[in-house]
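These notes concern the structure reproduced below.
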Amino acid sequence: MNDRILITVTVNGAPHEREVEPRLLLVQFIREELGLTGTHIGCDTSYCGACTVLLNDLPIKSCTMLAVQADGYEVRTVEGLEKDGKLHAVQDAFSEHHALQCGYCTPGMLMSACHLLETNARPTDLEIRKSIQGNLCRCTGYSNIIKAIASAADKIQEVSGQEVAGGNPV
């Protein structure tokens, strides 16, 4: 008897079809089935946020979702941020502002930050804090992370040339 289920998931723009066990977590699917190890397994309880990915452009903790639940969905991981050999503005800003130390929380922080900046072009510090509240960092104290996300917002605006009013693109 075959207890495996066929799923199709688009990850970082590429479709993947696999037969998986029904109990396989999405984070395990990403890491073990697809070999994308940038998404970290931290607490296994959804507390730390190290496993945060974007599922249909919404941040989710991939340790709390089964791979079969992602069937037909699009997933973006930290590996999907870089385009044509160029880091995403958030990745550059994290490096520039020393917003990481051990780096364990960084993939989840980056994905949460990307979601914020895709939905709010000019977030306030309070909005930045709220957007990363599901991501635990034991090393940095968060100050440089907040500075990095604000800096990334500025860089994205410079590149896109968008004018903003009330935090939203006009």
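Derivation of every value follows stated rules applied to the coordinates shown; laboratory data play no part. For clarity, every value in this text was computed on a predicted model and none was experimentally measured. Note that we place each Cβ from the backbone using ideal geometry, even for glycine, and neighbour counts take in every protein chain shown.
The convex hull built on the alpha-carbon positions of the chain has an orientation-averaged projected area of 10.2 nm².
Sequentially through the range 51-65, phi angles give Karplus couplings (6.51, -1.76, 1.60; θ = phi - 60°) of 9, 4, 10, 9, 10, 6, 6, 10, x, 9, 8, 6, 7, 10, 10 Hz, Gly and Pro residues having no value and appearing as x.
Rounded to the nearest 20 debye, what is the charge dipole size of the range 89-164 about its Cα centre when +1 sits on each Lys and Arg Cβ and -1 on each Asp and Glu Cβ? Rounded to the nearest 20 debye, it is 320 debye.
For Val75, the residues whose amide H sits under 5 Å from its own are Thr10, Val11, Asn12, Gly13, Asn56, ignoring neighbours fewer than 5 places away on the same chain, with H placed 1.01 Å from N.
Taking the highest mean first, how do the peptides 74-85, 21-32, 59-70 order by number of other beta carbon atoms within 10 angstrom per residue?
59-70, 21-32, 74-85
Report, ordered by chain and residue number, the lysines lying within cross-link reach of Lys147, taken as a straight Cα distance under 22 Å and ignoring same-chain residues fewer than 8 apart. Straight-distance partners of Lys147: Lys86, Lys130, Lys155. Computed about the Cα centre, the dipole magnitude for the chain is approximately 460 debye when only Lys and Arg (+1) and Asp and Glu (-1) carry charge, each at its Cβ.
Dipole of the chain computed with +1 at Lys/Arg Cβ and -1 at Asp/Glu Cβ about the Cα centre; of Ala50, Ser143, Ile60, farthest Cα towards the positive end is Ser143.
Under the √(5λ) rule applied to the eigenvalues of the Cα gyration tensor, what semi-axes describe the equivalent ellipsoid of the range 89-164? Give them in Å, descending.
Details: eigenvalues 80, 32, 19 Å².
In descending order, the three semi-axes are 20, 13, 10 Å.
Distances between placed amide hydrogens fall under 5 Å for Thr52 paired with Ser62, Gly108, all partners being 5 or more residues away or on another chain.
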